[in-house]
1. With labels modelled as points extended 7 Å from the Cα through the Cβ direction, what inter-label distance (nm, one decimal) is found for S137 paired with R207?
2. For R171 and S242 in one chain, what is 0.36 nm times their gap in residues minus the Cα-Cα distance, to one decimal in nm?
3. What is the packing order of peptides 146-159, 214-227, 128-141, taking the mean over residues of other C-beta atoms within 10 Å and listing the highest first?
4. Please list, or write none, the aspartates and glutamates whose alpha carbon is within less than 18 Å of the alpha carbon of K29, excluding same-chain residues fewer than 8 places away.
5. What's the center-to-center distance, using Cα atoms, between the range 38-89 and the range 224-243 in Å?
6. Consider a paramagnetic label point 7 Å from the Cα of K220 along Cα→Cβ; state which residues of the range 146-179 have an amide N under 16 Å from it.
7. Say the cut-off is 31 Å between C-alpha atoms; which of K166/K220; K52/K193; K52/K220; K52/K191 go over it?
8. Can you tell me, using C-alpha contacts under 8 Å and at least 6 residues apart, the relative contact order of the range 182-228 as a whole percent?
Amino acid sequence: MKKVSSYDSRMDLFNQAKEDNLRGSVEMKIGIISDIHGDCESLQAAFSLLRKAEVNRTICAGDLVERGANDHGVIRFLREHDISCVQGNHDENAVRHAELHYSTQDNGYDATLLSSDAVEFLNQLPLSRTFTFGETSILLVHGTPSDNGAPVFQDSGCNSLSKKFKKDLARMEADILVVGHTHFPFDIRYKGKRVLNPGSVCNLQSRDSHTCGVLDLSEKSFSVLDLTTGCSVEILNREFESI
């Protein structure tokens, strides 16, 4: 099995973004999911809801595994439905956990250990991907463009953006950045850049939003849907001033 290097030794996500051949029309609707965490039932609910919304393509902002009961089911579902994913910090952790287990030749039973095939799938996921739809370019990451687990906001009240994240947006060439990690959805703007987060698909803890997102490129609109009711929910929607 190919070993994954420590995060600190990696190039940042800007320099290794995988460019997907998903060039489509500006009329497209893009389904956006993130933070599934092994909750396959919620993933299936999200996919069903996005089909009803008539999305043309679905992308995933990472954290496929850990915490939920069916990591293998999640990976299998995403592969079967050809959903483009990036690696989240929990996916990275799962790979490290498995490599430690195999490297020490620990033969003890570990219920959290993934199969070698699942580990290989997670290990080969890129940290970032880029997509182009008409004139709109999208960068997909899990945390921020320079750090897989870094915060977008400076404070818990989401009143300001972190300084590092502002620098990321200044470097970013894409029109739209799609992130996950926070487990709550938002649609924010800063210096002409738009940042979208669909919240978490999973419904395992009180902080989980249990939502998915729909980006309508023709209307330039972003809506977030509750996976239980199927209805749109209110989200943080704000333009941050340049300071």
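1. Placing both labels 7 Å beyond Cα along the Cβ direction yields 3.3 nm.
2. On the way: separation 71, 0.36 × 71 = 25.56 nm, distance 1.50 nm.
Extra length available between R171 and S242 comes to 24.1 nm.
3. Details: 146-159: 15.6, 214-227: 18.1, 128-141: 20.4.
The densest-packed peptide leads the list: 128-141, 214-227, 146-159.
4. D20, E54, D82, E135, D175, D187, D216, E219, D226
5. Taking the Cα centre of the range 224-243 as reference, the centre of the range 38-89 is 20 Å away.
6. The answer is 174-177, whose backbone nitrogens lie closer than 16 Å to the label point.
7. Values: K166/K220 22 Å; K52/K193 29 Å; K52/K220 19 Å; K52/K191 34 Å.
Those over the limit are K52/K191.
8. Working: 89 pairs, mean separation 13.6, N = 47.
Rounded, it is 29 percent for the range 182-228.
The values are calculated or read from the model by the stated rules, or taken from the named source; none is laboratory data. Values in this document were obtained by computation on a predicted structure and should not be read as measured data. Note: ideal-geometry Cβ built from the backbone for every residue, glycine included; neighbour counts use all protein chains shown. Note: accessible area is taken over every heavy atom of the protein model, side chains too, but ligands, DNA and RNA are not part of it. Shrake-Rupley method; radii C 1.70, N 1.55, O 1.52, S 1.80 Å.
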